[in-house]
Amino acid sequence: MRRLLPHPLLTAALILMWLLLTRFSLGHLVLGSAIAVLAGLSLARIEPETPRIRSWSALFRLVAIVSVDIVRSNWAVAQLMLTNGRHGARTSAFVVIPLRLRDPVPLALLAIILTATPGTAWLEHDREAGTLLLHVFDMIDEEEWRVLIRDRYEALLMEAFA
Amino acid sequence: MTALDSLPPWLMALVAFFLVLGSTLTLLGAFGLIHLKSFYDRIHAPTLGTSWGTAAILLASLLTWSWVQDRVFVHELVIGICVMVTTPVTLMFLGRAALHRDRAEGGGAVPPAAAARSSADESMSSDSDPKAATLPTTLGSEKVRP
C-alpha cells in the first residue's frame, strides 16, 4: 500500500478534483485514479519525504483562524486604500521574522497564509538562518508582527505537522 | 425568461451582494496598483483581488449555479484553491527579483540578505566593513522607487 500510494493525501485530492471537473462516472473514476496514483508515484521520486499530519484538529483550527483573518485584513487594507493610507500617515516596512518551522510543507502553508491575507507579503526565506523577510503594508509595531506570526500561525502549524 | 429568473429575491440579493463586494475589492486592488508609490507597497494591492475579491465572486457563482442546476456545485472551490496556492509563487518571484535589484543597486533602502546580515553583525565588533555594519536590520518607511 505504502509503495503504491506514497502520497495518499495528494492522490485522494487529485481523484476528488478529477471527479469534480468531469461528470461522475465509473470510467472517469478509473481514469482519474490511474492518473492520481501515477502522479503520487512520480512525486515520490522527486520528493520522498511524505508530510505527516499529526493533528487534524489543529489544521482545522488554523483554517478557521485564517478565514477570519483574511476577511479582517481585506477590510483593513480596503479602508487604507479608500482613505489614501489614513491621509498619508501609513508607513510600510520590512520585518525580519525568525521562524522555528523547518519543513517545506508547513513553510509553504505559511507562505499561502501570509500571501492570502492582504497587508503582508512574504518576500524571502533564508533556509540556513531560518529567517523570513516580510513586508508589512501598514506597520505600527514590529514586535507585534513577530508575536502574531509566532503565536497565531506558527504554533498551530507546528502542532499540526509532526 | 432565463434560468436566472427562477432565483428567489432573497437569493438574488445575496448573490448581488457578493458580486458587488468581490468586484469592489478587486477594483480597489487595481486602483492601489496604479496609485501606490513603491514597488513593495504595490505588491499588496492585488492581494485584495486574489483573496476576498475572488472568494466573493466565486461564492456568488456557487450560490447561483447550485440553485439553478438543483445540486451543490463545488467547482468554484477548485478555482479558489488553485488561485490561493499559486499566488505566493508569483509574488515571491516578483518580490525576490525586486529585492535582488535593489540590493545590487545599493542605497540601503532594503534590508540586506540574511548571509550579509550575519556577517554584518560579526563585523560590527571588528569594524572591518563600516558600511555593512551601519545598515539596520529593519527599516521604517522605505523610499524605493516611484
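Could we say that A:Leu148 is of a type in the set (A, V, I, L, M, F, W, C), closer than 30 Å to B:Ala56 by Cβ and touching a residue at least 60 places away in the same chain (Cβ under 8 Å) here? Spelling it out, it is not the case that A:Leu148 is of a type in the set (A, V, I, L, M, F, W, C), closer than 30 Å to B:Ala56 by Cβ and touching a residue at least 60 places away in the same chain (Cβ under 8 Å).
Collect the residues in the stretch A:1-39 that are modelled with pLDDT of 85 or more, crowded, with 17+ Cβ neighbours inside 10 Å and of a type in the set (A, V, I, L, M), keeping them in residue-number order. Matches in the stretch A:1-39: A:Leu10, A:Leu14, A:Ile15, A:Met17, A:Ala36, A:Val37. In the set (1) surrounded by fewer than 20 Cβ atoms within 10 Å (Cβ to Cβ); (2) at pLDDT below 90, B:Thr50 fails one condition alone, (1). In summary, A:Pro118 fulfils each of the numbered conditions (1) in a loop (DSSP other than H, G, I, E, B); (2) more than 25 Å from B:Gly80 (Cα to Cα) with the single exception of condition (2). Considering A:His125, A:His87, the condition of being in a strand (DSSP E or B) and more than 7 Å from chain B (Cβ to nearest Cβ) is satisfied by A:His125 alone. Determine, yes or no, whether A:Leu59 is surrounded by 15 or more Cβ atoms within 10 Å (Cβ to Cβ) and under 14 Å from the mean Cα position of the chain (by Cα). Judged against the criteria, A:Leu59 is a match. Residues of the stretch B:50-80 that are facing another protein chain (nearest Cβ under 10 Å) and among the hydrophobic types (A, V, I, L, M, F, W, C): B:Trp52, B:Ala55, B:Ala56, B:Phe73, B:Val74, B:Leu77, B:Val78. The residues listed here are A:Val77, A:Val95, A:Val105; of these, the one that is more than 29 Å from B:Phe18 (Cα to Cα), touching a Phe, Trp or Tyr at 6+ places or on another chain (Cβ under 8 Å), within 9 Å of chain B (Cβ to nearest Cβ) and crowded, with 17+ Cβ neighbours inside 10 Å is A:Val95. State all residues of the stretch B:8-43 that are more than 10 Å from chain A (Cβ to nearest Cβ) and polar (S, T, N, Q); if no residue qualifies, say none. B:Ser23, B:Thr26, listed by residue number.
Only residues that are more than 22 Å from A:Ala76 (Cα to Cα) and either modelled with pLDDT of 85 or more or assigned to a helix (DSSP H, G or I) (or both) were counted in the stretch A:134-162, giving 7.
The values are calculated or read from the model by the stated rules, or taken from the named source; none is laboratory data. This is a predicted model, so every value here is computed, not measured. Neighbour counts run over all protein chains shown; Cβ positions are idealised from the backbone, glycine included.
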